[in-house]
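*Asks:* Dropping the structure in here first, questions after.
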Amino acid sequence: MDFSVKDFNVRLRTIRLRELIIAVVISFFLTGFVENYFNVSSGELEYILFFCFMMVFFLIATYGTTGFNKDFDDLFKPSNFLRVLILAISNMLIAFLIQSLMSPLDSVLGLISSISMPLSDVGYGATDPLIFLFEFFSAIVIAPISEELFFRGVLFNRLKIRKGFVFGLIVSSLIFGLCHINYPDHFSHVIYTCIFGMCLCILYSRTDNLLLNMLVHSCYNILSYLVVYTPFQYLLISDGFSPIIGIMLICSLIFVPIYIIYFTFKLK
C-alpha cells in the first residue's frame, strides 16, 4: 500500500493482494484464538469476529486519507438515493425467489431446514436475544463496511488492475458468494450473494464511492432481516400482496440481469 496517496478510494487501489492475504491469515488466527478462548459456537459470530479484526487492517491501511466529504454528500443526491433503493430491493426480491425455489434442493442436500424463522421465536430456544441483536447490528453496520472494503475496495480493485474488469467482477463476486456458504441456505445463498456482489462491483466502478456500496449493502441486509425474521414474509406471499410483489419480482428479474450484462460490457 502507498501511504503517500491521500485520496481514500485511490489508497484502497494501492493495497496489494499479498498484504490482504497476510491480514486474512492473521485475522483467521486471532478469530480462532477468540473462538476457543470464549467458546464461540456461532458461525455468524465467527464471521463477524473475523471482519472486526480485518477492520483494524483497513483502519491502518487507510489512515490519513481524505475525500470522505464528497462521497458523503453524494449519498444524499436523489439519483443516488433512488439507485440505492432499486439495487437493494431488486436484489432482495431475487434472493427471496432463489431461496424459495431452491429450498427443496437445499433440504435434500441437508443444507437447510426452513426458509425463515419468525422474530417471535428468537430467545425461545432459537437463539439468544442479545446474540440476535448483535448479529443484526453487525449485519447492517459491520458487515457492509468491512465486506465492501474487503471484496470491492481491495479484492475487486486488485483483480481488475491485474486481469481486467470482467475477471475482477466474476472472481471477486464468486469469492464473496462462497464466503457466505456457512449460512443455513448454503447453496442458494452463494448464488444470490454472488449476483449481489456483481451489482456492487458495477456500482463501485460507476461511482468510485464505496460509501454508496455500504449503504446499498446495509439496506439489502435490513430488507433481508425483515423478510426472514418478521411476519413481513407472510405479507409478501399472501393473496392480497402477491400481484404487487409479482410485478416487482418480474421487474427485478428483468432489471438485474440487464444491469449486470449491460454495464459489464460497457465498463470492461
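The values are calculated or read from the model by the stated rules, or taken from the named source; none is laboratory data. Just so it is clear, the model here is predicted, and its values are computed rather than measured. Here the Cβ positions follow ideal geometry from the backbone for every residue, glycine too, while neighbour counts run over all protein chains shown. Remember, those area values only see protein heavy atoms, side chains included, never the ligands or the DNA or RNA. Shrake-Rupley method; radii C 1.70, N 1.55, O 1.52, S 1.80 Å.
*Asks:* State which residue pairs qualify: first residue more than 15 Å from SER218 (Cβ to Cβ) and inside the range 65-83, second residue in a loop (DSSP other than H, G, I, E, B) and open to solvent by 90 Å² or more (accessible area, probe 1.4 Å) in any location, beta carbons under 6 Å apart, and separation of 6 or more residues or different chains.
*Replies:* THR65/LYS6; THR66/LYS6
*Asks:* For the range 18-37, does any single residue satisfy the condition of being open to solvent by 30 Å² or more (accessible area, probe 1.4 Å), of a type outside the set (D, E, K, R), farther than 30 Å from PHE132 by Cα and more than 21 Å from the chain's Cα centre (by Cα)?
*Replies:* Within the range 18-37 (the criterion being open to solvent by 30 Å² or more (accessible area, probe 1.4 Å), of a type outside the set (D, E, K, R), farther than 30 Å from PHE132 by Cα and more than 21 Å from the chain's Cα centre (by Cα)), the answer is yes, since at least one residue qualifies.
*Asks:* Among the residues of the range 158-174 satisfying the criterion of being of a type outside the set (Lys, Arg) and open to solvent by 60 Å² or more (accessible area, probe 1.4 Å), which is modelled with the lowest pLDDT? Explain how you work it out, then say what you get.
*Replies:* In the first step, residues of the range 158-174 are kept if they are of a type outside the set (Lys, Arg); the result is 159, 161, 164-174.
If we keep only those that are open to solvent by 60 Å² or more (accessible area, probe 1.4 Å) as well, we get 161, 167, 170, 174.
Details: ILE161: 91, PHE167: 95, ILE170: 96, LEU174: 95.
So the residue we want is ILE161.
*Asks:* Assigned to a helix (DSSP H, G or I), farther than 26 Å from CYS194 by Cβ and touching a helix residue (DSSP H, G or I) at 6+ places or on another chain (Cβ under 8 Å): which single residue out of PHE29, PHE72 fits that description? Break it down into steps so the answer makes sense when it comes.
*Replies:* Details: PHE29 fails: touching a helix residue (DSSP H, G or I) at 6+ places or on another chain (Cβ under 8 Å).
The unique qualifying residue is PHE72.
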